[in-house]
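K.L.:
Mind looking over this structure? Questions follow.
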Amino acid sequence: MDVKAIEEILGDRFRRVATDGAAMLKEVGLPAGAKVLDVGTGQGYFAIFLAAQGYEVLTGEPETDSSRYARRDWAENARKADVLERIRFAGFDASRLPFECEAFDAVFFYGVLHHIDAQQRADVLREAQRVAKRGGVVVFFEPSQKMLEIVRMDDPEHPDAADPFKYAVDGEVEKRLIAGTFMNIFVCRKRNCQA
Ligand SMILES: C[S@@+](CC[C@H](N)C(=O)[O-])C[C@H]1O[C@@H](n2cnc3c(N)ncnc32)[C@H](O)[C@@H]1O
């Protein structure tokens, strides 16, 4: 099933994810067969977008998260989109990733960093950079003002966007900001592995 067909099934929110996901892939140029980590599963929309591109996706969130954005119906959405077999789930906390150094070609956070305590964000960036391969990317999608207004129609308490570059380990990544249609896309391309 192609992304347009999945948009028809999953609706507007998935369409927004796919629009900015495509803009990111055009700039980042992820190779076929790349090993990717999707942090913050939620409804599974970004994991589904990646799986629809043919990537094998590992996605996860803390099993203890009881917020409205966690433990959602991601597997049912992936089944509807016919990509369930390309997505694996693991419970984990982004500040202590249970993976080896340089395990992934790309690490993605779609709509996640602003849901993590500001005090934990430096650890989250350090961990994401540790598990990304040299030359690989860590990519954060954070809401633009326009997107925040849309989200706050349903959730008036939704937090402000985070600035991932504030927490990136200096000297270890090249930073690039891409203006998506709905989200700002913060790309950190890794120069070295942090052991
Ligand atoms: C708005 S949802 C993300 C939406 C999702 N990426 C999608 O495409 O549908 C926010 C996610 O961040 C996750 N999250 C919050 N704190 C986290 C942490 N410390 N480590 C990993 N994930 C976390 C939540 O459990 C939830 O899955």
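K.L.:
Roughly how much of Lys80 is accessible, in Å² to the nearest 10, using a 1.4 Å probe?
P.N.:
So the heavy atoms of Lys80 present about 90 Å² to solvent.
K.L.:
Let me ask another. Just reorder Arg191, Arg86, Arg72 by solvent-accessible area, largest first, 1.4 Å probe, all chains present.
P.N.:
So the residues, ranked largest to smallest area, are Arg191, Arg72, Arg86.
K.L.:
If you don't mind, another one. Considering all alpha-carbon pairs of the chain, what whole percent are spaced by more than 20 angstrom?
P.N.:
In whole percent, the share of Cα-Cα pairs in the chain beyond 20 Å is 52.
K.L.:
For the chain, with every protein chain kept in place, what is the accessible area per residue (1.4 Å probe, Å²)?
P.N.:
I get 48 Å² per residue for the chain.
K.L.:
Can you tell me the relative contact order of the stretch 89-191? Whole percent, Cα pairs under 8 Å, sequence separation 6 or more.
P.N.:
This gives 30 percent for the stretch 89-191.
K.L.:
Can you compute the equivalent ellipsoid semi-axes for the stretch 25-82, i.e. the square root of 5 times each eigenvalue of the Cα gyration tensor, sorted largest first and rounded to whole Å?
P.N.:
Equivalent ellipsoid of the stretch 25-82: 22, 13, 9 Å, largest first.
K.L.:
Roughly speaking, to the nearest percent, how much of the chain's 1.4 Å accessible area is carbon and sulfur?
P.N.:
46
K.L.:
Based on a Kirkwood Rh over C-alpha pairs, give the Stokes-Einstein translational diffusion coefficient of the stretch 1-107 at 20 °C and viscosity 1.002 mPa s in µm²/s.
P.N.:
After rounding, the answer is 152 µm²/s.
K.L.:
Along the stretch 62-71, what does the Karplus equation 6.51 cos²θ - 1.76 cosθ + 1.60 (θ = phi - 60°) give for ³J(HN,Hα), rounded to whole Hz, x for Gly and Pro?
P.N.:
With the stated coefficients, the stretch 62-71 comes to x, 5, 8, 6, 10, 6, 5, 9, 10, 6 Hz.
K.L.:
For the stretch 1-64 and the stretch 68-110, write down the distance between their C-alpha centroids in whole Å.
P.N.:
Value for the Cα centre distance between the two parts: 10 Å.
K.L.:
Still on this model: If N is the number of residues in the stretch 87-183, what value comes out of its Cα radius of gyration divided by 2.2 N^0.38 Å?
P.N.:
The value comes to 1.12.
K.L.:
Turning to a different aspect of this structure: For the cross-link pairs Lys4/Lys175; Lys146/Lys190; Lys4/Lys80; Lys146/Lys175, which exceed 20 Å when the distance is taken from alpha carbon to alpha carbon?
P.N.:
In this structure, Lys4/Lys175; Lys146/Lys190; Lys146/Lys175 exceed 20 Å between Cα atoms.
K.L.:
Hey, another quick one. Could you give the longest part of the chain that holds none of the GluC sites (Glu not before Pro) found in DSSP loops with at most 10 neighbouring Cβ atoms within 10 Å?
P.N.:
Answer - 1-99.
K.L.:
How many percent of the alpha carbon pairs in the stretch 52-124 exceed a separation of 18 Å?
P.N.:
When every Cα pair of the stretch 52-124 is considered, 46 percent fall beyond 18 Å.
The values are calculated or read from the model by the stated rules, or taken from the named source; none is laboratory data. Computed from a predicted structure; not experimentally measured. So basically every Cβ, Gly included, is an ideal-geometry build from the backbone, and we count neighbours across all protein chains shown. Side chains included, ligands, DNA and RNA excluded: accessible areas come from the protein's heavy atoms. Shrake-Rupley method; radii C 1.70, N 1.55, O 1.52, S 1.80 Å.
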